[in-house]
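The values are calculated or read from the model by the stated rules, or taken from the named source; none is laboratory data. None of the values given here were measured: they were computed from a predicted structure. Cβ placement follows ideal geometry from the backbone for every residue including glycine, while neighbour counts extend to all protein chains displayed. The accessibility values were calculated without ligands, DNA or RNA, using every heavy atom of the protein model including side chains. Shrake-Rupley method; radii C 1.70, N 1.55, O 1.52, S 1.80 Å.
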Amino acid sequence: MAKFQMQQASCNVNWTGKKVLGLHTGSINVANGFIEFKDNTVSGGEIQIDMTSITITDIEDSKTHDEFLAHLTNDDFFAVDKFRTSKLVITNATQIELNKYKISGILTIKDISHPVTFFSTIEIFTDFLHSLGEIVIDRTLYNIRYGSGKFIDNLGDKLIYDDFVLQFKLVGKL
């Protein structure tokens, strides 16, 4: 079995949240983690995300930026003072073509866990692993209901879509 430890400085996770009148983007750091290979296929892993590292990349005005960041980190969204990390535990992976996998796992945000499935490319270069992928997450499953049309009526142009997207690049080393 080969165990690739995440190299924090080389990993990045970008997020996109959409609303009726546009979208917001940002990034968040990988805290630590690993991906395991056995018999030349993914056999497991766990990736931990540092929720305190969340940033916003699309708002230049400092007052607006700071207000939105405070909003994302408080109880309306991720409550990072109570839930400092989120994690993905890889439970299954199926190779669908060379270097491309269908990954299943359990995603935990705010101590709430739900199954997720997504696609990822994973390549191994000697003692390094390189993975790219995207996960679409329904935030309401994790009790993030602010601005959701499922829970609040008549939001009009204040509606925030329930799905948000994480695009990731992971680099691991044996």
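A few remarks follow.
- Test: residue in the stretch 110-123 that is within 17 Å of F4 (Cβ to Cβ), more than 14 Å from the chain's Cα centre (by Cα) and not hydroxyl-bearing (S, T, Y): yes
- Subset of the stretch 1-34 [part of a loop (DSSP other than H, G, I, E, B) and of a type in the set (A, V, I, L, M, F, W, C)]: M1, C11, V20, L21
- Selection of the stretch 81-109 for residues being more than 13 Å from the chain's Cα centre (by Cα) and of a type in the set (K, R) yields K82, R84, K100, K102.
- Residues of the stretch 46-68 satisfying the condition of being of a type in the set (S, T, N, Q), open to solvent by 40 Å² or more (accessible area, probe 1.4 Å) and closer than 22 Å to Q7 by Cα: Q48, T52, T55
- Tallying residues that are open to solvent by less than 80 Å² (accessible area, probe 1.4 Å) and outside any strand (DSSP E or B) within the stretch 117-136 yields 1.
- Residue match in the stretch 25-38 (condition: modelled with pLDDT under 95, under 30 Å from F125 (Cα atoms) and surrounded by fewer than 16 Cβ atoms within 10 Å (Cβ to Cβ)): yes
- Filter result (in contact (Cβ under 8 Å) with a residue 24 or more places away in the chain, among the β-branched types (V, I, T) and either outside any strand (DSSP E or B) or more than 22 Å from T140 (Cα to Cα) (or both)) within the stretch 47-81: T57, I59, V80
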